[in-house]
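The structure appears right after this line, and notes come after that.
The values are calculated or read from the model by the stated rules, or taken from the named source; none is laboratory data. Remember, it's a predicted structure, so these values are computed and weren't measured experimentally. Methodologically, a virtual Cβ is constructed for each residue, glycine included, from the backbone with ideal geometry; neighbour enumeration extends over all protein chains shown. The accessibility values were calculated without ligands, DNA or RNA, using every heavy atom of the protein model including side chains. Shrake-Rupley method; radii C 1.70, N 1.55, O 1.52, S 1.80 Å.
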Amino acid sequence: MTDDAHARRWRLLLGAAAESELGSPGGQHEQAMDRALGALYDAGDPSGPRSGGLGASAPRVARWLGDIRTYFPTSVVEIMQRDAVERLDLTQLLLEPELLEAVEPDVHLVGTLLSLNGVIPETTRATARTVVAAVVKQIEERIAAKTVAAVSGALNRAARIARPRHRDIDWDRTIRANLAHYLPEHRTVVPQRLIGYGRRSQAVHREVVLAIDQSGSMAASVVYASVFGAVLASMRSLRTSLVVFDTEVVDLTEHLDDPVDVLFGTQLGGGTDINRAIAYSQSLITKPTDTLFVLISDLYEGGVREEMLRRVRSMTEAGIQVLVLLALSDEGAPSYDHDNAAALAALGVPAFACTPDHFPDLLADALDRRDISRWAGATR
């Protein structure tokens, strides 16, 4: 890259304040990029906080959203949209359908819309649902196939039996497991161990209960967990339940056939009563030794902490597998209650963050009853 190109990029980065040193952007394309950046990031009063030039006009914001989609890649557009909502207080403008139609859908935008769920007017609700559906589709395309493959593999391994009936023998695995017993003179393998699968393919093998903290800081986790819940619910070999909680608990299991409905059943914000959520989740479990309980929370407990820890201990003692995620998102662990995380770890239940891309393999390990403590360092 030439010195000239470096200077132009620094000029776009630093904004109008650097014009005396680096000059004006050259060409219509760079000038348009500079205007779009300046509307969001350029300072008003140099001695005060930076302020933007979009004002509170929906048409002006809509034009700006169109401009940034023209001149910047999608990853940058998503960051600029997020900054615009936070820096310029455009939350109320997101209630206007014309503006929503111009926005690039992403997980953070869905989180903002869900936080406004209770005040979205009917004129905007259909557009908001379209935006949420677009993001859900993106996530499903990203995680669904991998999740089904990983979880199915774990369930198949769990169903494998060592004394199958003749029609249930898995000949491929049986031959590979007995190659040491190949008899060259007879050109055959004499199997010492038969491998097969039980005839339970249509039965429910395991129960999965997802309990999702819907406090404001968990917005991205709520979105991803809801889609994962819908994918798991589509598998007949699992019995999947999904609850969301703040100080109240809402069971959204009946909506799992449509993750968009699940998301619009949430209400981001408010306090947190983890103990109450765990108590309700326990009431859903019918086969403790065949159940995986996944708690997704930053662990800031507004309920009774000692009771919450006692319930987790009783779950593990009953044979329930307990998995605690501080976040299920691409951003890593949020601020979380370190004391509660340490207390859970002392009970043999490590708490850690996990990305959506890692979650299918983590689920498979948990369903396989492998030691998941190794994930605590690998997915932070």
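Structure data summary
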quantity	calculated
Residues of the range 338-366 that turn out to be surrounded by fewer than 15 Cβ atoms within 10 Å (Cβ to Cβ), in contact (Cβ under 8 Å) with a residue 24 or more places away in the chain and either within 18 Å of the chain's Cα centre (by Cα) or on the phi < 0 side of the Ramachandran plot (or both), as a count	1
Residue match in the range 306-313 (condition: of a type in the set (Asp, Glu), under 30 Å from residue 157 (Cβ atoms) and without any contact (Cβ under 8 Å) to a residue 60 or more places away in the chain)	no
Matching option when the condition is buried (at least 17 other Cβ atoms within 10 Å of the Cβ), within 25 Å of residue 228 (Cβ to Cβ), modelled with pLDDT of 85 or more and not basic (Lys, Arg), among 155, 113	113
Near pairs, Cβ below 6 angstrom, 6+ apart or cross-chain, from the range 143-159 (closer than 20 Å to residue 289 by Cα) to any residue that is modelled with pLDDT under 85 and not aliphatic (A, V, I, L, M)	155/205; 159/197; 159/198; 159/200
Within the range 313-337, considering residues that are part of a helix (DSSP H, G or I) and in contact with a strand residue (DSSP E or B) (Cβ under 6 Å, 6 or more places away or on another chain), the one surrounded by the most Cβ atoms within 10 Å (Cβ to Cβ)	315
Lone unmet requirement of (1) assigned to a helix (DSSP H, G or I); (2) at pLDDT below 95; (3) over 24 Å from residue 231 (Cβ atoms) for residue 348	(1)
Residue that is most open to solvent (accessible area, probe 1.4 Å), among those in the range 217-231 that are hydroxyl-bearing (Ser, Thr, Tyr) and over 18 Å from residue 129 (Cα atoms)	217
Some residue of the range 254-262 being modelled with pLDDT under 95, buried (at least 16 other Cβ atoms within 10 Å of the Cβ) and in a loop (DSSP other than H, G, I, E, B)	no
Sole residue being part of a helix (DSSP H, G or I) and open to solvent by 60 Å² or more (accessible area, probe 1.4 Å), chosen from 310, 369	310
Unique match (being more than 24 Å from residue 129 (Cα to Cα), open to solvent by less than 20 Å² (accessible area, probe 1.4 Å) and among the basic types (Lys, Arg)) among 206, 236	206
